[in-house]
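Reading through the structure tokens given below for one structure.
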Amino acid sequence: MAPAQGNYDYDLVVIGGGSAGLACAKEAVTNGARVACLDFVKPTPIGTKWGVGGTCVNVGCIPKKLMHQASLLGEAVHEAAAYGWNVDDKIKPDWSKLVSSVQNHIKSVNWVTRVDLRDKKVEYINGLGSFVDSHTLLAKLKSGERTITAQSFVIAVGGRPRYPEIPGAVEYGITSDDLFSLDHEPGKTLVVGAGYIGLECAGFLKGLGYEPTVMVRSIVLRGFDQQMAELVAASMEERGIPFLRKTVPLSVEKQEDGRLLVKYENTETGEVSEDVFDTVLWAIGRKGLVDDLNLPNAGVLVHKDKIQVDSLETTNVGHIYAVGDIIYGKPELTPVAVLAGRLLARRLFANATQRMDYADVATTVFTPLEYACVGLSEEDAIKTYGEEEVEVYHGYYKPTEFFIPQKSVRYCYVKAVAERNGQQRVYGLHYLGPSAGEVIQGFAAALKSGLTVHTLMNTVGIHPTTAEEFTRLSITKRSGLDPTPASCCS
Ligand code: FAD
Ligand code: NA7
């Protein structure tokens, strides 16, 4: 039986020590609550495991960005020669050195995280949590079991990559959970899935000198502006990354030489083909980790392996909340998880009322030519306001630093999706080019503050930058005028 009201071990137990859970737990303690935070990582099928901190730190944003940076540096070394540096053009990355540098950084973050939890007096429990009843949790530890009770719970268990249900998928394929610590070079890699994780992994693998192929079931970057998505794909194809369109995998077999024979089908023609790869990487989406939680014991309902919450992040059970990737229908991004977790803790323990605003969250796809955006895609703006009410300003541009190494400027492109009449409020900004995240972050604040086309055009640019291209936009798609730039400086 659950303990009587007020007689709990903790005010709050957070299940999941990732971006959302840690932010929530630390903020709750800061506001005087007694808090425990559980975190437990089940190894992948090939045995990869990691420490506290969740997906972002261990197998997500951080190792991904570091490998992306490694790949950009390789490109920069080649460009350096054109700028007068004497560099050996036979430079080659050392995969094992890269992996060990990345993993050393991650371990240092794991360490700092544990110290931070101890300093802030959050009790960290390295255990897998499952509900006994709506106020009681069973923590399965390496050394046994422990039952804990709490007034409130926050479910912040995140998700893990899916595997397709085809022969050989689990035995021979890997996911992003394994890639950043892989103990051998990935070599020729089939990346299955054209969401942003698939494209990012294919992008840095190419930059590091391997041979990725991207298998696309339907469209590229579902959920993103499709004109931009196709430009991203085209910019990757231009770099020599093949895209197998309208194709799904059928099976993976291990050959005698250890390489992987993949059979796949074109879903339009029905044609079955095969090819041999060194690595098969599944990037076909992620599944919410609801199964271990024994949610029926607490009465919490599951919706498509996620948990539905209201605008206060409350589940269908009043004292059980959920934040981060585990919630249904919200952006799966670290800053979203962190802010939602922090605001929830303030509402629970500091009498705050502010709710998480999930609208107009900026994001970046870290492909070799990066894509960042904030606000509505062109198609969503048209769906919401009607084609006649939407004006799209766009333009190709030439980053100054691309000239000397003669890099392709074919896909450097910006567009602003805006209201056609009235104040010409900007609904969405899209940028394909270098340092995309850095460019869009500031514009995201402007967009949230009600940015209009008039303000954008009256903002004086910083020259010569790529971000200034947003202040130079003047050509509308509707006009049919050529959006290719004639000159960079006038
Ligand atoms: P998680 O960080 O996944 O944390 C959940 C934790 O709970 C995990 O440690 C899990 O093992 C643990 N857990 C699960 N079940 C239990 C249980 N029953 N008991 C105890 N512990 C449990 N986001 C960005 O903003 N920018 C990026 O560039 C970016 N890149 C990404 C790249 C990749 C390859 C991936 C996979 C993700 C990326 N993301 C990125 C998404 C980002 O990592 C997630 O949005 C974020 O980590 C979600 O945080 P969370 O706290 O909800 O879940
Ligand atoms: P996404 O964004 O859900 O993309 C998954 C991709 O995999 C997408 O292109 C899917 O095609 C494709 N897919 C899905 N199932 C299959 C199968 N069975 N076979 C072949 N291809 C398939 O997932 P990500 O892994 O990139 O990222 C997940 C989230 O993690 C993301 O939101 C980030 O914020 C963090 P589809 O378009 O469905 O035809």
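Every read-out reported here was derived from the displayed coordinates using simple, explicitly stated rules and does not represent laboratory data. This one's a predicted model, so the numbers in the text were calculated from it and none came from an experiment. With ideal geometry, Cβ positions are generated from the backbone for all residues, glycine too; neighbour counts draw on all protein chains shown.
Spin-label model, K142/D89: points 7 Å from Cα along the beta carbon direction are separated by 5.2 nm. The D305 and Y358 beta-carbon pair, evaluated with R₀ = 22 Å, returns a calculated FRET efficiency of approximately 0.70. For the range 369-472, the relative contact order works out to 30 percent when only alpha carbon pairs closer than 8 Å and six or more residues apart are counted.
When the trypsin sites (Lys or Arg not before Pro) in the range 214-314 are filtered for DSSP coil states and for at most 12 other beta-carbon atoms within 10 Å of their beta-carbon, the remaining sites are K304. The GluC sites (Glu not before Pro) of the range 343-384 include none that meets both conditions, a loop assignment by DSSP and at most 12 other Cβ atoms within 10 Å of the site Cβ. Taking the centroid of alpha carbons for each part, the range 206-230 and the range 277-300 are 23 Å apart. Sites counted here are chymotrypsin sites (Phe, Trp or Tyr not before Pro) in a DSSP loop (not H, G, I, E or B) having no more than 13 other Cβ atoms within 10 Å; the longest part of the chain that contains none of them is 86-490. Each distinct pair of alpha carbons in the range 369-472 adds a 1/r term; the inverse of their mean, the Kirkwood radius, is 14.0 Å.
Taking 7 Å steps out from each Cα toward its Cβ at A82 and N294 produces label points 6.2 nm apart. Loop-located GluC sites (Glu not before Pro) in the range 263-292 (DSSP state other than H, G, I, E, B) with a sparse environment of at most 14 neighbouring Cβ atoms within 10 Å: E268, E271.
Close Lys pairs in the range 369-472 (alpha-carbon distance under 19 Å; sequence gap of 8 or more, or different chains): 4. With respect to the chain, whose longest principal axis is taken over its alpha-carbon atoms, helix 196-207 is tilted by about 60°. Helix content alone sets the calculated 222 nm mean residue ellipticity of the chain: runs of n ≥ 4 DSSP H residues at -39500 (n - 2.57) each, divided across all residues, give -9000 deg cm²/dmol.
Computed from the C-beta positions of S100 and T384, the FRET efficiency with R₀ = 56 Å rounds to 0.70. Bridgeable lysines around K287 (alpha carbons under 16 Å apart, same-chain partners fewer than 8 residues away excluded): K42, K304, K306, K330. Judged by the ratio a/c of the largest to the smallest principal axis of the C-alpha gyration tensor, the chain counts as oblate, that ratio being 1.5 or greater while a/b is no larger than b/c. If a/c stays under 1.5 just call it rounded; otherwise compare a/b with b/c (prolate if a/b is bigger, oblate if not). Do that for the range 38-81, with a ≥ b ≥ c from the square roots of the Cα gyration tensor eigenvalues. The shape class here is prolate. Computed from Cα positions, the angle between helix 334-349 and the longest principal axis of the chain comes to roughly 40 degrees. Counting every other Cβ atom within 10 Å of each residue's Cβ, L348, L98, L141 order from fewest to most as L141, L98, L348. A crude spin-label estimate for the pair D116 and Q226, with each label 7 Å from Cα along the Cβ direction, gives 4.0 nm. Remark: the Cα gyration tensor places the range 169-284 in the oblate category, a/c being 1.5 or greater and a/b not exceeding b/c. The mean of 1/r over all pairs of different alpha-carbon atoms in the range 181-227, once inverted, gives a Kirkwood hydrodynamic radius of 11.3 Å. Measuring between alpha carbons in the structure, the pairs from K65/K142; K97/K121; K64/K188; K65/K97 lying more than 27 angstrom apart are K65/K142; K97/K121. Measure nothing fancy, just the Cα-based angle from helix 61-82's long axis to the longest principal axis of the chain, in degrees from 0 to 90, nearest 10. Approximately 20 degrees, to the nearest 10.
Relative to the globular-protein estimate of 2.2 N^0.38 Å, the Cα radius of gyration of the range 240-284 stands at 1.19. Take the Cα of K477, step 7 Å along the line toward its Cβ, and report every residue of the range 357-378 whose backbone nitrogen sits under 16 Å from that point. From the range 357-378, the list is 373-378.
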